[in-house]
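Data first, discussion second: the structure below is written as structure tokens.
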Amino acid sequence: MLTKDLINNIAGQTQMTKKRTEELLDATTHVIIKSLMEGKTVQLQNLGVLEVKERKERTIILPKSGERVTAPAKRQLSFRPTVSLKNDLKQIDNHD
Amino acid sequence: MTKLNWIELRKAVAAHLGTSERETAAFMNALITQIQLGLKNERQVRITGLGTFRLQEVSPRKSVDVTTGQAIVLPGYNKVVFVPEIGIKELIQTSTPTTNEEEDTPLQRLGKQADEIVAIIQRDINTAVPAEADSQSSTGESSEADSAEPVQAEEKKTEKAYHFVRDLLITISVIIVLLVGCYFGLRTGIRHWIDDKLHQVEQVITPTERQETRNEKQETRTEEQDTIALEVNQVEDILTPRVYTEFIATETVGKGSRLAYLARKYYGQTDLWVFIYEANRDQFPNPNDIKTGDKLRIPKLSTEQQDLSNPANRQLVDQLLEEYTK
């Protein structure tokens, strides 16, 4: 499902205009990303938790040359689904 | 790490867009249900400006039951993954989290305090002028106001003076702390520097002079330490080399042979090489610079000298080791 379909579906569910829905979606993503950049964990109810994880620097071996290189420390966005969502979707089989 | 929960998120979105919280709530609940439905029906939901939620298949795999040792097949399942958009990923990577106050270094904290003080003083200076102007302009008005206003102005003035004195005191104390810090820092720095210089000078002074200075030092010490005078005398002897008259052997230095080996061979103790070296010191200025073919005389040592369990002798040998391996 693409953003367009998502907006259509939400608009259908809430009886809002598509434009309004799009505005709200933009605002939501904006707030989420801003909070994440501030180092906050964002909780999405019944879906999961978005958080920024600190990855320490580590040595890696380049597969091409076999060279040892230090991969720099970085911050990575991670998503952890809620237990109920995880269990709900575990056994679904609907390949296109 | 702080957390932005569902309600806070809803409030933040409503505030950002200036919409009612009810509308936002309706939207966000719909958003979550639609994402869930999308995952269920289409296995993926893409949100522009954020990323993609996707259902990833984990295929079944073989494993072994730990308790029975039987081979079993773990069933496959789906897991929910979130892949951030490239731009968002980079944005997060380069972002720096807002630091908490506890994480500030003391100097940063001082800097912040100084900024705050400056802000307070500036505010006071700015408010001081309008307050006076107010009290002056109001004199022409009704008598009731006249009687009330000056009192307020008076109060403001005393408050202002109090604030000013307080801020001044804080500034002064901060400066004093900084100065004291600098003073101690510089003092230890200078002391280290002087120590270094002294050390260099000491190395320049010839051994006999050094001997004298050492003797002087020890004399001052012996006044207090009569009981260990004997030991101190021995320490004094260190740099006047013992005279060796009797030799038990003469050894030609072979390949791989070292002073320590010779010491073990003749005395049974490797550390006693210092005595061998001492006896041959006139020929070799450096114990590490003895070549194959050189001839070394092995001195005869008294039983006392060979006894390393005797603390006085142990100390002597240790000091010689230190002296010769400099």
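Descriptive notes on the structure:
- Number of residues in the range A:4-40 that are of a type in the set (Val, Ile, Thr) and either surrounded by fewer than 17 Cβ atoms within 10 Å (Cβ to Cβ) or more than 7 Å from chain B (Cβ to nearest Cβ) (or both): the value is 2.
- Checked against the criterion of being touching a Pro at 6+ places or on another chain (Cβ under 9 Å) and either assigned to a loop (DSSP other than H, G, I, E, B) or charged (D, E, K, R) (or both), the candidates A:ARG75, A:ARG80 yield just one match: A:ARG75.
- Residue match in the range B:298-320 (condition: of a type in the set (S, T, N, Q), open to solvent by 70 Å² or more (accessible area, probe 1.4 Å) and part of a helix (DSSP H, G or I)): yes
- Every residue from the range B:56-96 that is closer than 27 Å to A:LYS74 by Cα, of a type in the set (Val, Ile, Thr) and without any contact (Cβ under 8 Å) to a residue 12 or more places away in the chain: B:ILE86, B:ILE92, B:THR94, B:THR96
- Verdict on A:VAL83 being under 19 Å from the mean Cα position of the chain (by Cα) and more than 9 Å from chain B (Cβ to nearest Cβ): yes
- Hits in the range B:45-81 (condition: touching a Leu at 6+ places or on another chain (Cβ under 7 Å) and closer than 21 Å to A:GLU22 by Cα): B:VAL45, B:ARG46, B:ILE47, B:PHE53
- Among the residues of the range B:170-182, at least one is among the hydroxyl-bearing types (Ser, Thr, Tyr), at pLDDT 85 or above, in a helix (DSSP H, G or I) and within 30 Å of B:ALA128 (Cβ to Cβ).
- Applying the set (1) at pLDDT below 90; (2) open to solvent by less than 30 Å² (accessible area, probe 1.4 Å); (3) under 26 Å from B:SER95 (Cα atoms); (4) at the interface with chain B (Cβ under 7 Å from one of its Cβ atoms) to A:ALA71 leaves exactly one unmet item: (4).
- The set of residues from the range A:49-96 being basic (Lys, Arg) and farther than 30 Å from B:ILE7 by Cβ comprises A:ARG55, A:LYS56, A:ARG58, A:LYS64, A:ARG68, A:LYS74.
- Any hit, the range A:45-59, residues being touching a helix residue (DSSP H, G or I) at 6+ places or on another chain (Cβ under 9 Å), within 7 Å of chain B (Cβ to nearest Cβ), open to solvent by 50 Å² or more (accessible area, probe 1.4 Å) and on the phi < 0 side of the Ramachandran plot: yes
The values are calculated or read from the model by the stated rules, or taken from the named source; none is laboratory data. This is a predicted model, so every value here is computed, not measured. As a convention, Cβ positions derive from the backbone with ideal geometry for all residues, glycine included, and neighbour counts pool all protein chains shown. SASA here: full protein model, heavy atoms, side chains in, ligands and nucleic acids out. Shrake-Rupley method; radii C 1.70, N 1.55, O 1.52, S 1.80 Å.
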